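The values are calculated or read from the model by the stated rules, or taken from the named source; none is laboratory data. Note that the coordinates shown come from a computational prediction; the quantities given were computed from them, not determined experimentally. In this analysis, Cβ positions are derived from the backbone assuming ideal geometry, glycine residues included, and neighbour counts consider all displayed protein chains. Accessible surface areas use protein heavy atoms only, side chains included; no ligands, DNA or RNA. Shrake-Rupley method; radii C 1.70, N 1.55, O 1.52, S 1.80 Å.
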Amino acid sequence: METAGFETDLSLFKYDNLEQLPPAYRELGADERTERIEAALEELGDDVVVLGHNYQRREIVEHADFIGDSYQLSKEAAAADADYVIFGGVTFMAESADIITDDSQSVILPSMEASCPMAGMAEALQVDTAWAELTAATDEEIVPITYMNSYADLKAFCAQQGGLVCTSSNAHEAFEYAFERGDKVLFLPDKHLGENTAHRLGLEDEIVDWDPWDPDGTTAAEAVDNDVILWEGYCQVHERFREAHIDQVRKEHPDANVIVHPECRREVVEAADVSGSTATICEKVAEADPGDTWAIGTEIHLTHHLQRWHPEVNVVPLCGDACMDCNAMRQIDPNYLAWVLEELVEGRERNVIEVAPEEKELAQVALDRMLEI
Ligand code: 13P
Ligand code: SF4
C-alpha cells in the first residue's frame, strides 16, 4: 500500500505558534475597547478589511465590513484589495483567505485558538493512509471532496487526487462535478453534509459510513461497494439537534417554519422545512413577512443576530436553551481584535496565517475548482 507521503502535524490547534493576548489587553472594558477598535480602524482606513462569519459574536460582527457564510467570505477575501484581511472566523477559513488573496496581502486571525474541531477530524496524514487503503480495494475512480471545514493540507491532497472543495451552499454541485469525472466520491470530513447531499441527489442507497480505524466497522473492500463513502467527522454544535426538537417547536408554534444547517443529522434535515448554509438561513429570515415564525437549527449566535436584525419576525432557537455556541468561533475575542488592530497601526503584524507555498498552490487548485462549479 503506497501513500502520497503527505507530511503534516496532528494537533488540536493547527497554529499553536500564534501569540497570546498581552496582559494589558485582557482587562479592557467594553466601552474603551470599542473606542480603540474604532480609532484603529479609522487610522488604518482602506488598508484593512474585517470579515465576520455569521457565527461570530456581536462585538465582532459590529466591526465587520462583510458578514457572511464561509463561501461568501472566501469570495470577499478574493475581492479584497486591502493589505490586511482580519478574519473573524476559524483557522480553516483564514487559511482559505490566505490561499485566495495575493501574496502581498496578510490574513490575520485575531486569536490562536479558533480551530474548528470538525476540521481536525480529517488530518491530511490520516486521509492519505486511508486513501491508499481505499484505492487499493477498487479499480474504479474515486474523487475526494473536502468540505471547506478542513485544513489547507487536506484541500491540497484533494486537488492532487483530482478532487475539490465545497461549502454547504454548493456541495451538490461538487458531487455532480465528481461524478462527471469519476465513479465514487469520498466525502470529508462531515458525514452529515455528505449524507444530506447524497440524498438530495437521489443516491440514498449508495451511501456508506467509513471509519478506517474502527476494527469492527466497514472495511475498505466493503466501502468501495458504494458510490458515496463518508468520512467519520461531524460538528458537535449541529449534532445536538434532534427530531424531537422539531416536534416540540411545532407544538409550541404550529405555524413555525423550521430551517436547519445541513451539518445536522439526516433525520433532522428531513423533518425540517428547509435546510441551507448560514447565508440561506439569513436570506429566509430576511424575506419573511412580519409576524412569521422561524425556528433556527444552527449555532446560537446567528439565531441571536437574526432576532436583533429582524425584530418583526419571531425568530426562535430550535432547541431553546440547549442550542450551543461554537467554541472555536467564540475564541475570537474582541480584546484580541483591539490588539491586532493597534499592533497594525504600529506597523506590527500579529497572528498572520500563512499556508506553506507548496500546499498553497495545490489547495488553490481545489478552491478554484469549487469557485468554477
Ligand atoms: P457556512 O458555510 O454555512 O457558513 O457554515 C460554516 C460552518 O462552520 C457551519 O458550522
Ligand atoms: Fe466547526 Fe461546527 Fe464551529 Fe462550524 S459550528 S466552525 S463546523 S465546530
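Could you please tell me the mean projected area of the C-alpha convex hull for region 148-211, averaged over all directions and given in square nanometres to one decimal? Walk me through the numbers on the way to the answer.
Values: hull surface 17.0 nm².
Dividing the Cα hull surface by four gives the mean projection, 4.3 nm².
Ranked highest first by average number of other Cβ atoms within 10 Å, how do 283-295, 259-271 line up?
Final packing ranking: 259-271, 283-295.
Can you figure out the FRET efficiency of residue 211 with residue 58, using R₀ = 41 Å and their beta-carbon distance, to the nearest 0.05?
Plugging the Cβ-Cβ distance into 1/(1 + (r/R0)^6) gives 0.60.
Using the Karplus equation 6.51 cos²θ - 1.76 cosθ + 1.60 (θ = phi - 60°), what ³J(HN,Hα) coupling, rounded to whole Hz, does each residue of region 209-215 give in order, writing x for Gly and Pro?
Result, ordered by residue: 8, 9, 10, x, 9, 8, x Hz.
For region 45-134, just the Cα set please: Rg and Dmax, both in angstrom.
Just the Cα atoms of region 45-134 yield Rg and Dmax of 14.7, 52 Å.
Once you have all Cα-Cα distances for region 223-267, histogram them in 5 Å bins from zero and send the whole-percent values.
5, 17, 21, 18, 15, 9, 7, 5, 2
Treating cross-link reach as a plain straight distance, find the lysines whose alpha-carbon is under 23 Å from the alpha-carbon of residue 191, omitting any fewer than eight places away in the same chain.
14, 155
When averaged across all projection directions, what area in nm² does the alpha-carbon convex hull of the chain cover?
19.0
Over the chain, what relative contact order in percent results from Cα pairs under 8 Å that are six or more residues apart?
After rounding, I find 22 percent.
For the charge dipole of the chain, defined by +1 on Lys and Arg C-beta atoms and -1 on Asp and Glu C-beta atoms about the Cα centroid, which residue among 107, 177, 335 has the Cα displaced farthest towards the positive pole?
Positive-end residue among those listed: 335.
Put +1 on the Cβ of each Lys and Arg and -1 on the Cβ of each Asp and Glu in region 187-234; which of 213, 196, 230 then has its Cα farthest toward the positive end of the dipole?
Result: 196, furthest along the dipole toward the positive end.
Among the DSSP beta bridges whose two residues both lie in the chain, what percent are antiparallel, rounded to the nearest 5?
Details: 1 of 38 bridges.
Of the beta bridges lying entirely in the chain, close to 5 percent run antiparallel.
Would you work out the charge dipole size for the chain about its Cα centre, treating the Cβ of every Lys and Arg as +1 and the Cβ of every Asp and Glu as -1, and quote it to the nearest 20 debye?
About 880 debye.
Rank these by accessible area, largest first, 1.4 Å probe: 131, 213.
213, 131
Got a sec? Which residues in region 260-287 would a label at residue 176 touch, if it sits 7 Å along Cα→Cβ and we count backbone N under 16 Å?
none
Using only alpha carbon pairs under 8 Å that are at least six residues apart, calculate the relative contact order of region 248-373 and give it in whole percent.
Contact order relative to length: 18 percent.
Does region 108-181 come out rounded, prolate or oblate, given a ≥ b ≥ c as the square roots of the eigenvalues of its C-alpha gyration tensor, rounded meaning a/c under 1.5 and, failing that, prolate meaning a/b above b/c? Could the numbers behind the result be given before it?
Values: a/c = 2.76, a/b = 1.48, b/c = 1.87.
Cα axes put region 108-181 in the oblate bin.
List every residue whose amide H lies under 5 Å from the amide H of residue 295, counting only residues 5 or more places away in sequence or on a different chain, with H placed 1.01 Å from N in the peptide plane.
257, 258, 259, 316
So if I take the centroid of the Cα atoms in region 100-162 and the same for region 326-363, what is the distance between those two points in Å?
Cα centroid to Cα centroid, the span is 20 Å.
Classify region 197-343 from the C-alpha gyration tensor, please: rounded if a/c falls under 1.5, else prolate or oblate depending on whether a/b exceeds b/c.
The shape class here is oblate.
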